Ligand SMILES: [Zn+2]
């Protein structure tokens, strides 16, 4: 049966988004201790378990396939893999800073970098990915080639959707049909006040 995402998102992702949104407000209000508490509260172990199921070893239960696909040789791929940073930002805004597969709210990379710098104890950004702050890891924003680059996908705006880290790296180079996913471009993006915490990346405070 076709599905919008490899796994349905768990409620803890939405909870983490609420906590991190409040943390961003606390950062802007110079309420450092409150921000630290909120960031620590968003580091939910359930999200770590969920992420591992998606980006760890491929499984029939989650991925429905277990062997990585054959990719085109590098020379046969579109030489421009990614659009400019400005074009990438425009796609994240177009998509309301949400994963077009599972709907999870995603986090601006510069905002995350700021949290890593300002709250190293709470974010504990380890070299080992499964030891990192679970929400900041799993909810990282990325640009996904709907038709994978390694399988001939082009560097064109129509071929890109915003994806969370789990949906991006859980699918890898598989075509949508091969992992039984519906086209993430067909439901319209949801846009509201969620900004991927972009406001703390831009702020000077
Ligand atoms: Zn997702």
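Structure above, values below:
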{"quantity": "Ordering of 176-183, 17-24, 83-90 by burial proxy (mean other Cβ atoms within 10 Å per residue, highest first)", "calculated": "17-24, 176-183, 83-90"}
{"quantity": "Gap separating the Cα centres of the range 105-130 and the range 1-72, nearest whole Å", "calculated": "13"}
{"quantity": "Contour minus Cα-Cα distance for residue 72 and residue 194 (0.36 nm per residue)", "calculated": "40.2 nm"}
{"quantity": "Compactness relative to 2.2 N^0.38 Å, alpha carbon Rg of the range 45-89", "calculated": "1.72"}
{"quantity": "Ordering of 102-109, 119-126, 43-50, 60-67 by packing [mean C-beta count within 10 Å, highest first]", "calculated": "102-109, 43-50, 119-126, 60-67"}
{"quantity": "Dimensionless Rg ratio for the range 107-205, taking C-alpha atoms and the 2.2 N^0.38 Å reference", "calculated": "1.24"}
{"quantity": "Isotropically averaged projected area of the range 1-91, using the convex hull of Cα atoms (one quarter of hull area), nm²", "calculated": "9.5"}
{"quantity": "Per residue convex hull volume, Cα atoms of the chain, in Å³", "calculated": "122"}
{"quantity": "Rough spin-label spacing in nm, given labels placed 7 Å along Cα→Cβ, for residue 127 and residue 25", "calculated": "3.9"}
{"quantity": "Degrees between helix 11-28 axis and first principal axis of the chain (Cα, 0 to 90, nearest 10)", "calculated": "50"}
{"quantity": "The range 34-155 - Rg (one decimal) and Dmax (whole number), Cα, Å", "calculated": "16.7, 51"}
{"quantity": "Cα-based helix-to-principal-axis angle, 109-118 vs the chain, degrees rounded to 10", "calculated": "40"}
{"quantity": "Kirkwood Rh, angstrom, the range 21-61 [1 / mean 1/r, Cα pairs]", "calculated": "12.0"}
{"quantity": "Rounded tilt (10° steps) of 32-41 against the dominant C-alpha axis of the chain", "calculated": "40"}
{"quantity": "For peptides 29-37, 70-78, sequence by mean Cβ density within 10 Å, most packed first", "calculated": "29-37, 70-78"}
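Every number in this text was worked out from the coordinates using simple rules, so none of it is lab data. Since the structure is predicted, the reported quantities are computational estimates derived from the model, not experimental observations. A quick note on method: Cβ atoms are made from the backbone with ideal geometry, for glycine too, and the neighbour counts reach across all protein chains shown.
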